[in-house]
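Q: One structure is given below, represented as structure tokens, and several questions about it will come after.
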Amino acid sequence: MRKAPFVAAILFASSIASADDLSSRIGRYEMEAHTIGSNLPPPNQPSAASGHRLVDAEVEYSLGDYDTAALKLFDLAKTPGGDTETATYYLAQSLLQKGDRGAARTYFQQIVRGNAAGSKYYEPALERLLEIAIDSNEPLDSPETQQLVGALNSAQRVPSIPYVLGKYAFAKGDYDAAQQQFDQVPKGSDYELQAEYYNGTVAVAKKDLARATEVFSELIAKRPRTANDRRVIELAQLALGRIYYEREDASKSIDSYLLVDRHSDLFPDALYEVAWVYVKSKQFDKALRALELLERSDPNTTKSATTRILEGNLRIRKAQMIRNSQIEGTFNPNEPGDIAGEYDKANQLFTETHDQYQPAYVALTQMVDGHLDPASFIDQIAGHSTHVFQLAAPIPEVAAQYLREEPGVKRFVSVEDDIADIRDDIKQTERAITRIAAAIAAKDHSGLYPELASRRARIAVIENDLVRMRDQLADSQVALISSSADLAQLTATRKQLSQQYAGLGDPQQAFAERENAAIQGFDKIDDDAIAVASAIDSAQAIAVALRKYANEANPPLADDQKKTLQTQLDDAAREAQAIEDELASVHDEVVLGKDLASIGDDQLASARELRRHVREAQDAEQHALDGFTAASRDRGESDRLVALSDRAWRLAVSLDDTDHSIAASVEQGVGQMQTELGGDEAELADLKKELAADEAEARELGGVQLAASFKAVQAKLYDIVVRTDVGSVDVAWSQKEDSDDDLKRLNLARARELKQLKDEFHDILDEHVAKPGPKKAANEPEMPKPTDADTAKPEDRIKPAGNQKPGNAQPTVKPGEGKTPKKGGGK
């Protein structure tokens with residue numbers, strides 16, 4: 001009995017501590033609820049970061065990302081405001097840097113037509129328009145161009161204006177006027193080095209190479225301040241090398257070329273030209289080293305074939321020089337070089353180059369002869385193949401590379417690039433519209449606006465904790481009173497709903513787990529799709545190899561075998577294209593699934609609805625408990641609990657109001673999106689029709705241009721193939737000439753040695769020479785006299801040494817025989 005008061009005291013103290021903790025937590029939530037409910041961001045409004053789009057676009061432009069800059073500036077240039085002119089100018093500049101002169105001209109003209117007094121973009125726009133006219137090879141005496149020139153002459157004389165006017169005079173061929181304009185460019189300005197370079201070019205055009213040498217020499221001695229200055233100096237170094245070459249000063253020409261930095265994009269041109277200088281000065285080893293370095297530094301250049309052919313010819317000349325030095329006795333064995341090795345290298349170069357360019361020549365010949373449709377290769381030439389698996393064997397990349405170098409094809413590829421960009425933008429817009437439409441069609445829109453969704457999620461977390469706090473306060477109040485039947489029913493209902501809600505755990509956390517699981521599942525599908533795409537890539541490589549084998553097999557395939565193979569490959573290609581289209585559709589569905597997974601789901605909506613029922617039950621019970629305060633066993637504690645319950649109720653109402661406001665704002669934004677979406681869909685349909693018409697026209701013109709370019713490139717490839725064949729013949733002929741020369745020299749050496757032997761043994765040979773007999777008639781044939789061997793009997797002939805009988809050999813002539821007898825008959 002003594003312990004009861006002590007336990008009651010402990011429970012009372014615990015109740016007070018719990019109430020203090022609840023009061024502190026409710027206080028923190030009240031302040032947070034006020035923050036959440038204030039300054040709600042309206043939906044469908046640009047975020048604060050969007051106000052910096054112009055600055056971001058300018059940064060992208062300065063970094064050289066002209067595509068991104070143009071994309072960001074396009075909307076700003078159409079939106080009236082203080083930044084419209086700036087956005088229009090940088091949009092035009094971005095398009096000009098991309099090579100789209102036509103679109104850039106349109107926006108520069110907008111600036112010129114809307115010129116306001118003191119506009120800082122008016123004069124730069126005039127300059128760009130005149131430069132576009134010059135670069136586009138337009139008639140320079142047209143009224144439009146003359147109007148631009150007049151406007152620039154009357155404009156404020158900033159450094160760029162005389163520079164542009166000088167370019168205009170140079171393009172017209174008025175070199176004196178051009179030089180006068182370039183001389184007016186102030187020293188120290190950004191255009192100083194460019195103007196000096198043009199002064200050197202003017203001197204070259206006027207055939208004054210001495211003056212040009214002086215100008216370019218002074219220019220390369222200057223210190224660059226910008227990347228543009230550095231490039232001008234490198235161009236001057238190339239120009240100086242060419243001038244010295246024309247002036248027959250090989251050493252200075254070589255020095256000028258070698259000044260070009262190896263990291264510059266002009267370094268391959270410098271190597272190629274310096275190799276020819278070495279060739280002209282007969283420094284074949286240095287020329288070969290320059291060509292080898294060029295091949296390594298720029299292996300994909302269209303000069304590669306010419307470089308290899310030149311290298312092969314130099315190998316032949318080097319072999320001939322080594323041979324001559326060996327013959328003359330001046331060959332240094334310490335120097336690298338081998339006659340047979342040089343011929344082998346030359347023959348290998350000619351053979352490999354022939355094998356590389358022959359298939360391209362054959363393919364273009366088939367197109368020129370009308371066997372293949374040039375329009376079917378537009379995507380490959382422009383680099384925009386829509387499918388990995390092609391229905392036809394592609395043009396060899398060698399031919400495609402030469403085709404891209406043709407001026408007409410370059411313009412066509414530029415147009416195709418623009419069309420491809422527009423096509424991609426339209427596809428992205430279609431995907432965005434599909435995703436937005438799917439999000440609008442979803443039942444739960446709570447996750448559509450991330451900033452509002454984060455506030456609503458925080459409200460749910462607070463309300464989840466508030467449910468438990470109100471349950472705790474209600475249980476404490478019930479413990480201090482004698483409950484009635486109605487109150488007991490309300491309490492039981494509240495406890496039942498609270499227990500059901502507690503069984504859900506944390507709804508927001510459960511939703512996050514479901515979202516992550518869904519995203520992981522979609523990622524797995526995406527990985528599988530990538531694996532299928534990789535398999536199609538491998539099949540494409542095999543198909544290309546098979547098509548090449550069918551066309552180039554040696555010996556050729558039978559017609560029926562070739563036709564069967566082509567049919568099977570075409571069927572496989574069509575099936576692969578269908579798979580590619582399905583994979584693209586799967587990818588779009590995966591992206592859409594990830595979007596919907598993050599918006600919300602039915603379980604989260606059910607948890608929100610159950611929490612609302614719990615809160616209503618708690619409100620009903622609290623209203624009933626307020627009437628039992630007077631009958632409480634601890635009136636002070638009950639009053640305190642009632643006050644806390646009232647604060648909790650007000651907090652719940654405030655959070656509920658904020659949640660409803662956010663939900664209403666979201667639905668309003670969804671309605672606005674739905675309205676705008678309808679207009680965007682109609683505008684997109686019009687753009688697709690316009691794009692289809694432009695694309696069809698571009699492809700038709702591109703096919704005509706490709707057909708014309710095929711003939712030009714075919715001639716170039718034919719020239720390469722013939723030159724490689726001639727090179728191989730040249731190697732064989734040089735080797736034959738060397739062999740013939742060796743044979744001649746051997747015959748001459750043999751003749752000299754025979755003559756020397758005859759001279760040395762002249763006396764001996766003269767003793768055995770028969771004296772001349774009496775003269776014979778001119779027509780009388782000389783009959784050979786019979787020898788002893790012809791008239792002797794067989795037994796009288798001298799037997800071979802091997803057939804003689806052994807024994808002492810007897811002298812053929814005895815001593816004393818053959819002497820002339822003395823007179824008088826004496827012995």
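The values are calculated or read from the model by the stated rules, or taken from the named source; none is laboratory data. Fair warning: this is a prediction, and the values are worked out from it, not measured in the lab. Here Cβ is always computed from backbone atoms with ideal geometry, including for glycine, and neighbour counts include all displayed protein chains. Surface accessibility is based on the protein's heavy atoms, side chains included, excluding ligands, DNA and RNA. Shrake-Rupley method; radii C 1.70, N 1.55, O 1.52, S 1.80 Å.
Q: Out of the range 549-591, which residues are within 26 Å of Gln358 (Cβ to Cβ), modelled with pLDDT of 80 or more and open to solvent by less than 50 Å² (accessible area, probe 1.4 Å)?
A: Ala558, Leu565
Q: Quickly run through the range 559-578 and pick out the residues that are touching a residue at least 40 places away in the same chain (Cβ under 8 Å) and either of a type in the set (Ser, Thr, Tyr) or touching a Leu at 6+ places or on another chain (Cβ under 9 Å) (or both).
A: Hits for the range 559-578 are Asp570, Ala573, Arg574, Gln577.
Q: May I ask you to verify whether Val653 is assigned to a helix (DSSP H, G or I) and open to solvent by 20 Å² or more (accessible area, probe 1.4 Å)?
A: Values: assigned to a helix (DSSP H, G or I): yes; open to solvent by 20 Å² or more (accessible area, probe 1.4 Å): yes.
For Val653, the condition - assigned to a helix (DSSP H, G or I) and open to solvent by 20 Å² or more (accessible area, probe 1.4 Å) - is met.
Q: Would you point out which residue out of Ser645, Ser661 is in a helix (DSSP H, G or I), in contact with a Gly (Cβ under 9 Å, 6 or more places away or on another chain) and not charged (D, E, K, R)?
A: Details: Ser645 fails: in contact with a Gly (Cβ under 9 Å, 6 or more places away or on another chain).
When all the criteria are applied, what remains is Ser661.
Q: Check whether at least one residue in the range 350-357 is at pLDDT below 80 and not acidic (Asp, Glu), and report yes or no. Steps first, answer last, please.
A: Within the range 350-357, the subset at pLDDT below 80 is none.
The answer is no, given that none of the residues of the range 350-357 is at pLDDT below 80 and not acidic (Asp, Glu).
Q: Please name all residue pairs, on different chains or six or more residues apart, with Cβ atoms under 7 Å, provided the first residue is in the range 224-251 and is among the charged types (D, E, K, R) and the second residue is open to solvent by less than 30 Å² (accessible area, probe 1.4 Å).
A: Close Cβ pairs satisfying both conditions: Asp229/Leu193; Glu234/Val260; Glu234/Ser264; Glu234/Leu266.
Q: Among the residues of the range 170-206, which ones are more than 21 Å from Glu234 (Cβ to Cβ), of a type in the set (A, V, I, L, M) and surrounded by fewer than 22 Cβ atoms within 10 Å (Cβ to Cβ)?
A: Across the range 170-206, the qualifying residues are Ala171, Ala177.
Q: Let me ask something else about it. Please specify each residue of the range 456-504 satisfying the condition of being among the β-branched types (Val, Ile, Thr) and either over 30 Å from Val666 (Cα atoms) or open to solvent by less than 50 Å² (accessible area, probe 1.4 Å) (or both).
A: Ile459, Ile462, Val467, Val478, Ile481, Thr491, Thr493
Q: Out of all the residues in the range 207-217, which are touching a helix residue (DSSP H, G or I) at 6+ places or on another chain (Cβ under 9 Å) and open to solvent by 30 Å² or more (accessible area, probe 1.4 Å)?
A: Matches in the range 207-217: Asp208, Leu209, Ala210, Arg211, Glu214, Ser217.
Q: Scan the range 361-375 and tell me whether some residue there is over 23 Å from Val722 (Cα atoms), surrounded by 21 or more Cβ atoms within 10 Å (Cβ to Cβ) and at pLDDT below 80.
A: yes
Q: Here's something else I'd like to know. Taking the stated definitions as given, is Ala399 open to solvent by less than 30 Å² (accessible area, probe 1.4 Å), modelled with pLDDT of 80 or more, farther than 25 Å from Asp694 by Cα and in a helix (DSSP H, G or I)?
A: No; evaluated as a whole, the condition is false for this residue.
Q: I'm trying to understand the selection: among the residues of the range 610-636, which are outside any loop (DSSP other than H, G, I, E, B), open to solvent by less than 70 Å² (accessible area, probe 1.4 Å) and within 15 Å of Leu480 (Cα to Cα)?
A: The answer is Glu621, Gln622, Ala624, Leu625, Gly627, Phe628, Gly636.
Q: Would you say Ser119 is among the polar types (S, T, N, Q), without any contact (Cβ under 8 Å) to a residue 60 or more places away in the chain and open to solvent by less than 30 Å² (accessible area, probe 1.4 Å)?
A: Considered against the rule, which asks whether it is among the polar types (S, T, N, Q), without any contact (Cβ under 8 Å) to a residue 60 or more places away in the chain and open to solvent by less than 30 Å² (accessible area, probe 1.4 Å), Ser119 comes out as yes.
Q: Can you spot a residue in the range 435-445 that is over 16 Å from Lys594 (Cα atoms), part of a helix (DSSP H, G or I), of a type in the set (Lys, Arg) and open to solvent by 40 Å² or more (accessible area, probe 1.4 Å)?
A: Within the range 435-445 (the criterion being over 16 Å from Lys594 (Cα atoms), part of a helix (DSSP H, G or I), of a type in the set (Lys, Arg) and open to solvent by 40 Å² or more (accessible area, probe 1.4 Å)), the answer is no, since none of the residues qualifies.
Q: Now, a different point. Within the range 535-558, identify whether any single residue is more than 53 Å from the chain's Cα centre (by Cα) and either under 30 Å from Glu580 (Cα atoms) or without any contact (Cβ under 8 Å) to a residue 12 or more places away in the chain (or both), and answer yes or no.
A: no
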